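Novice: Just passing along the structure, written as structure tokens.
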Amino acid sequence: MIDRACQKLNDAIAIVPDEQKQAYLTAVRTCPHLVRTESEPVWFLRREGFNPWVSSLLTVLLCHACARSHATKRQRANHLTLSSFRIVQNAASRIICYWDVRRKLFGDRAHLPLVQTGHGVFTSEEVGLLMRHNPI
């Protein structure tokens, strides 16, 4: 079930126009290991509760994109009748948003690991600041 859901998630991400997922595509290209380890697809699917009735504005937008991407009425019907289509759409939007926010927050360092060593997205100064205000 999880493998199938992850495949559907990849399909949902694929139909999102490239201009709406630039940060995600850059991450996949430059640090695929981080995409797998720091934005595990199952986390995003679980967040949606594997609930087929989850809905969002992106669901509507993706359904329109999906309808345009399939040539025949039968292809559209087969694709859109998947019981978990809305789940994977919302999970897809969350993954795409995660990488977009990460890029906005960390800029050029967005593709480094989220570690507090001074060798990831946080600089040594930022780690020091975190430690001063949030001692372990």
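Novice: I need a count of the residues in the stretch 1-38 that are farther than 23 Å from P113 by Cα, without any contact (Cβ under 8 Å) to a residue 60 or more places away in the chain and not charged (D, E, K, R).
Specialist: Matching residues across the stretch 1-38 total 6.
Novice: Provide a single number: the residues in the stretch 5-43 that are under 11 Å from Q89 (Cα atoms), of a type in the set (V, I, T) and in a helix (DSSP H, G or I).
Specialist: Residues that pass the stated criteria total 2.
Novice: Looking for something surrounded by fewer than 19 Cβ atoms within 10 Å (Cβ to Cβ), basic (K, R) and modelled with pLDDT of 90 or more - is there at least one such residue anywhere in the stretch 18-34?
Specialist: yes
The values are calculated or read from the model by the stated rules, or taken from the named source; none is laboratory data. Keep in mind it's a predicted model, so treat the numbers as computed, not measured. We place every Cβ from the backbone using ideal geometry, glycine too, and count neighbours over all the protein chains shown.
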